[in-house]
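Before any comments, here is the structure.
The values are calculated or read from the model by the stated rules, or taken from the named source; none is laboratory data. Just so we're clear, the structure is a prediction, and the values are computed from it rather than from any experiment. Cβ placement follows ideal geometry from the backbone for every residue including glycine, while neighbour counts extend to all protein chains displayed. Side chains are part of the model used for accessible areas, which takes the heavy atoms of the whole protein and leaves out ligands, DNA and RNA. Shrake-Rupley method; radii C 1.70, N 1.55, O 1.52, S 1.80 Å.
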Amino acid sequence: SAVISQKPSRDICQRGTSLTIQCQVDSQVTMMFWYRQQPGQSLTLIATANQGSEATYESGFVIDKFPISRPNLTFSTLTVSNMSPEDSSIYLCSVGDRGRDGYGYTFGSGTRLTVV
Amino acid sequence: SQQGEEDPQALSIQEGENATMNCSYKTSINNLQWYRQNSGRGLVHLILIRSNEREKHSGRLRVTLDTSKKSSSLLITASRAADTASYFCATVDYSGGYQKVTFGTGTKLQVIP
């Protein structure tokens, strides 16, 4: 299955600043997914990133706040812009992966963001 | 909300006991998957069950699916301290012409040595 390297693993940021999270996959993938997981909550899809096109954002998430880059089939970044304490969450990237029992998803190790 | 509901929200058992977690969902699905998350880290795929399957086994894991009730259960047999984690179900739906994945609310499992 695919292996994803996600950086940074955690950060503490000042409000009003921006943080860029990187995900590197060890194989070429068509779609990459970005999720947010607020403390003690489930995962919420932010956007789907296809190489060579604009990311598709879910309701409640906008490109100005969460710009995404997808320069090639193995790499993507998510930027959390103009941060506020409400942005404190775990951010996760994910790719689809064909395993033994079907098409599942592999996740990066997550970025734990605290905004102060 | 289309988010699946899981119960219990938290479960504490002794090592060696079985742990059962339930997931209910609202929409049609192509398949349902279970994931484990350790201490707020990335999720690890455990098992996938297709909508035309009723039961599936993988090692100490047993998953059931009842599409008429829109529910699934995950059974972990002979639990170990290393099974302590949060467990999430995820439904996958292709009916809208694209792949939509929706995660449940999660069950936090604690296995006491």
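Considering the conditions (1) part of a strand (DSSP E or B); (2) open to solvent by 60 Å² or more (accessible area, probe 1.4 Å); (3) under 29 Å from A:ARG10 (Cα atoms), B:ARG62 is excluded by exactly one of them, (3).
Conditions tested, residue by residue: (1) at negative phi; (2) open to solvent by 20 Å² or more (accessible area, probe 1.4 Å).
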| residue | (1), (2) |
| --- | --- |
| A:CYS13 | yes, no |
| A:ILE21 | yes, no |
| A:MET32 | yes, no |
| A:GLN38 | yes, yes |
| A:GLU58 | yes, yes |
| A:MET83 | yes, no |
| A:GLY102 | no, no |
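Is it the case that some residue within region A:28-48 is in contact with a Phe, Trp or Tyr (Cβ under 8 Å, 6 or more places away or on another chain) and not in a strand (DSSP E or B)? Yes, region A:28-48 has at least one match. The condition of being in contact (Cβ under 8 Å) with a residue 12 or more places away in the chain and either within 14 Å of chain B (Cβ to nearest Cβ) or among the basic types (Lys, Arg) (or both) does not hold for A:ASP87. Comparison of B:ILE13, B:ILE49 shows that the only residue that is free of Cβ contacts under 8 Å to residues at least 40 places away in the same chain and surrounded by 16 or more Cβ atoms within 10 Å (Cβ to Cβ) is B:ILE49. When region B:87-110 is filtered for residues that are more than 9 Å from every other protein chain (Cβ to nearest Cβ), in contact with a Lys or Arg (Cβ under 8 Å, 6 or more places away or on another chain) and at pLDDT 90 or above, only B:TYR87 remains. Taken as a whole, the structure places B:LYS70 among residues that are on the phi > 0 side of the Ramachandran plot and either of a type in the set (Asp, Glu) or in contact with a strand residue (DSSP E or B) (Cβ under 9 Å, 6 or more places away or on another chain) (or both). Does A:PHE75 satisfy the criteria of being open to solvent by 30 Å² or more (accessible area, probe 1.4 Å) and touching a residue at least 24 places away in the same chain (Cβ under 8 Å)? Yes; evaluated as a whole, the condition is true for this residue. Of the listed requirements (1) within 13 Å of chain B (Cβ to nearest Cβ); (2) in a strand (DSSP E or B), A:SER1 misses just one: (2).
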